[in-house]
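FYI, it's all coordinate maths here, none of it is from the lab. In this text, all values refer to a predicted model and were calculated from it rather than measured experimentally. Note that we place each Cβ from the backbone using ideal geometry, even for glycine, and neighbour counts take in every protein chain shown.
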Amino acid sequence: MPTTSRAIVQTGPRQLELRDLPIPDIDDDSALLRVEACGICGSDVEQYTGTIPVRLPLIPGHEPLGIIEKIGDRAAKRWGVNAGDRVAVETLIPCGHCRACIDGRYQSCRGRGFMFGYAYVPLSQPPGLWGAYADYMYLDPHSIVHPIRKDLPANLAVMFNPIGAGFRWAVEIPETGPNDTVLILGPGQRGLASVIAARAAGAAKIIVTGLSRDAKKLALAKEFGADHVIDVEHEDLRKRVQEITDGNGAEVVVEVSSYATEPIADALYCVASGGRIVLAGVKGFKPVADFVSDLVVVKEARIIGAFGVTRKAYDAAIRLIESERIPLAKMHTHDFVLEDAEQAILTLAGEGKGESSIHSCLVPGAVL
């Protein structure tokens, strides 16, 4: 067992360093995870660029999959896992006693004064290894872990987070049912995950939008179960949705695009009377132009913010991944070694050399 762990440390906006950090001892209530893979999503890009305010320096990486290396007796009993087991680790670490936790909304926990979760806790807070851009990661006693099959490829098993987001944002929050038409604005990994989840929930019709450069993603959306795809650069989105829905609009609209605010205004025009709009794509705190609030009033539409994933949604995602019914490998495009963390982030952001990624991950122990 080594005494130090390699870790990528963010010291400022667009500033990453590879460091060796001490591996902490664990007590009866905590554990040490050997990181097999860490998924990379839009939040990693926003953290890297400084759009998401965090306390630096810290170790990024909030989608950890790995093997329990060491575990305390009480932690093993509480989590139902032992050393050698593979687990998916939830991002947020709830306190368990604040109002949100008591009310069952632990994804909104602020009992420790800020959003306490992997990749968001600074190095200054012991024991330091709070992110999955590393060989090893500390597991806090309040962590929520999910056992997952060890025979699955790590770069597919680590999709538990985006697929979980799909189940929460496209199904759990809007209560999607068999009679619903679902409009998904944005064909990235969360948009594709929303297609998978909405199809699993039996949605009557699924529509996905994207740009011309998203042609491959839109084709994949159709393979995963979308009935219609719309290239908003060559088609009138609002007109097409009305045509597809016979003038009724979509009962569920899931907005998962990054930074662009136009889709939020579009959602108001495309949602059906009495429909639900789920906003999950962050916009860098920009105001939304052409936001016609009267459309919300006259349609009695509900607008719901989505932040994080729940245990129920994670469980649904893991069951789907383990079933191997969906060709998820087609969504995974890139693996990166730890030293290439910056390249991984830039590739997802479309700033790297070559094609941008759909789903990608860091594999710390791999030789690629």
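Here region 262-365 is assigned +1 on the Cβ of each Lys and Arg and -1 on the Cβ of each Asp and Glu. Its dipole about the Cα centre then comes out at about 520 debye.
Within straight-line reach of Lys217, meaning a Cα separation under 28 Å, sit the following lysines at least 8 residues removed in sequence or on another chain: Lys205, Lys239, Lys283, Lys286, Lys312, Lys330, Lys353.
Charge dipole (Cα centre; +1 on Lys/Arg Cβ, -1 on Asp/Glu Cβ; no other charges) of region 87-185 amounts to roughly 220 debye.
Stretching the chain fully between Phe291 and Val337 yields a gain of 12.3 nm (0.36 nm per residue, less the alpha carbon separation). On full extension, the segment bounded by Asn179 and Thr3 gains 57.8 nm, given 0.36 nm per residue less the C-alpha separation. In order along region 304-316, the phi-based Karplus estimate (6.51 cos²θ - 1.76 cosθ + 1.60, θ = phi - 60°) of 3J(HN,Hα) comes to 10, x, 10, 9, x, 10, 9, 4, 4, 5, 4, 4, 4 Hz; Gly and Pro are listed as x. In this structure, the amide hydrogen of Ile184, modeled 1.01 Å from its nitrogen in the peptide plane, lies closer than 5 angstrom to those of Ile207, Val208, Thr209, Val254, counting only residues at least 5 positions away or on a different chain.
3J(HN,Hα) couplings calculated from phi for region 28-43 with the Karplus curve 6.51 cos²θ - 1.76 cosθ + 1.60 (θ = phi - 60°) are, in sequence order, 5, 9, 10, 8, 10, 9, 8, 6, 8, 7, 9, x, 10, 9, x, 5 Hz; Gly and Pro show x. Choose one of Asn82, Pro153, Gly284: the residue whose Cα lies farthest towards the positive end of the charge dipole of the chain (beta-carbon charges +1 Lys, Arg; -1 Asp, Glu; about the Cα centre). Farthest along the dipole direction, towards plus: Asn82. Over the chain, dividing the summed -39,500 (n - 2.57) contributions of all DSSP H runs of at least 4 residues by the number of residues returns a 222 nm mean residue ellipticity of -7000 deg cm²/dmol. The phi-based Karplus calculation (6.51 cos²θ - 1.76 cosθ + 1.60; θ = phi - 60°) puts the 3J(HN,Hα) values of region 199-205 at 5, 4, 7, x, 3, 5, 8 Hz, whole numbers, x for Gly and Pro.
Above 28 Å, the calculated P(r) of the chain contains 43 percent of its Cα-Cα pairs.
Computing FRET efficiency as 1/(1 + (r/R0)^6) for Arg78 and Glu17, where r is the C-beta to C-beta distance and R0 is 25 Å, gives about 0.10. Summarising the amide proton neighbourhood of Gly275: residues at separation of 5 or more, or on other chains, whose placed amide H is nearer than 5 Å comprise Arg302.
Put a plus charge on the Cβ of each Lys and Arg, a minus charge on the Cβ of each Asp and Glu, and nothing anywhere else: the dipole of region 162-305 about its Cα centre is then about 420 debye.
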